[in-house]
């Protein structure tokens, strides 16, 4: 008999097609939602959600878990210098143990902030450790090994041979995609056009089509990056990717800050997904993506925190609020309203991952990925007339009390259940110190 779980008496923000908000019970049996709003008398476990809001879990569509250990170590640099002077040397110094510590730290932070699913791009080596952390923790993620087979100033540990990069990525896909009842998935993750040969990108495009896999990459984040791509290929970034078959509903492009008219039209025509990371774009000085215009053209846009090396948090509340405020500053107060920002953080992210029929909203039959938000806080008082507005503009990560993924409680009353928070922090501090020792030794 499958275990039942009852979320009792909460305000349920469904993110259903008609944006229904109901007060009542949410009943879960096994991995799935069995009813929304209807009164239920009992269950194996009951969570009191009175004075609380129940929301679908956030879906972050661009995260680097391998970089969580780099928090505070790569600040105040533009993208290319940030990569060459800080991030690439740190990624090259990773071991299995430090990758594991970094992934555990990132997953724990995301769970505590209401994120229940993520699309992640890791580094070149040791990605199997990230998959193991996802499987063990109960988190939901689609993970890709970073692929890099060219580029200036790339450390030897990250500079792959094309065939080897394909071989390792494919092996990870075959081993991990669909594990844990589909909670753990794999994708292909070429870093960006600057660090990938044409041969690699063409092969990735073919493999993804054959296997129905997502391709997760970066595009048009930074003006220098765009200039390099255009100088090397004679094409704008998105147009170059399109010429290689890397646009469409299985393609997820992070950032897309600097686009021309043809690139905008290409994204709209092909159904390519844009992964918007507003805080990262601001911190790296990359610019402000034209999200308001993208949405008006029907382009799929979802949200991600990017990484702790360039954000420095993995907090979806911050990303929702920042995304909305940036578009208001550039297009007026009515641009990107709260309800749209919340959809970008939930169902639109699920759609980018091809999971909109499983997660991203609270509806009967969907997987039970959700969190309970405490509204009885000073910064959320008085009781709001517009609950969505209050969530997007006022709520914070530490307002999340309970997190549930696939019907399993992973955090209860701010305490992680499947992970030891103290152990994770201590492990991160230890592995960060060892990583910096390796970097220092390599310079001698």
Between 0 and 90°, nearest 10: helix 96-112 axis offset from the chain longest Cα axis: 40
Measure off 7 Å from each Cα along the Cα-to-Cβ vector at residue 157 and residue 97, then give the distance between these two points in nanometres to one decimal. 1.3
Sort 91, 415 so that the residue with the fewest other Cβ atoms within 10 Å of its own Cβ comes first and the one with the most comes last. 415, 91
In which sequence would 127, 197 go, from the one with the fewest C-beta neighbours within 10 Å to the one with the most? 197, 127
If packing is taken as the mean number of other Cβ atoms within 10 Å per residue, what is the order of 305-314, 168-177, highest first? 305-314, 168-177
What angle do you read, to the nearest 10 degrees and between 0 and 90, between the alpha-carbon axis of helix 127-137 and the longest principal axis of the chain? 10
Starting with the highest mean, order 343-353, 132-142 by the number of other Cβ atoms within 10 Å, averaged over the residues of each peptide. 343-353, 132-142
Under 17 Å by backbone N from the virtual spin label 7 Å along Cα-to-Cβ at residue 171, the residues of the range 86-107 are 96
Between residue 2 and residue 51, what is the spin-label point distance in nm, taking each point 7 Å from the Cα along the Cα→C-beta axis? 3.3
If one builds a Gaussian network model of the chain from Cα atoms under 10 Å apart, the most fluctuating residue listed among 205, 42, 357 is 42
In Å, the C-alpha Rg and Dmax of the chain are 20.9, 68
Additional length obtainable on full extension of the chain from residue 180 to residue 265, 0.36 nm per residue less Cα span: 26.8 nm
Sum of -39500 (n - 2.57) over DSSP H runs of 4+, divided by residues of the chain (222 nm, nearest 500): -11000 deg cm²/dmol
Specify, per residue and in Å³, the volume enclosed by the convex hull of the alpha carbon atoms belonging to the range 357-412. 95
Roughly how many Å is it from the Cα centre of the range 272-312 to that of the range 144-161, as a whole number? 24
Determine the equivalent ellipsoid of the range 280-439 by diagonalising the alpha-carbon gyration tensor, then write out the semi-axes as square roots of 5 times the eigenvalues, largest first, rounded to whole Å. 28, 23, 18
The distance between the Cα centres of the range 369-444 and the range 347-367, in whole Å, is 22
Under a crude label model (7 Å from the Cα following the beta-carbon direction), how far is residue 207 from residue 396 in nanometres? 4.3
The range 1-79-the range 212-233 distance, computed between alpha-carbon centres (Å): 34
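Rule-based calculations on the coordinates, nothing more; no lab input. It should be emphasised that the depicted structure is a prediction, and the values quoted were computed from it without experimental measurement. So basically every Cβ, Gly included, is an ideal-geometry build from the backbone, and we count neighbours across all protein chains shown.
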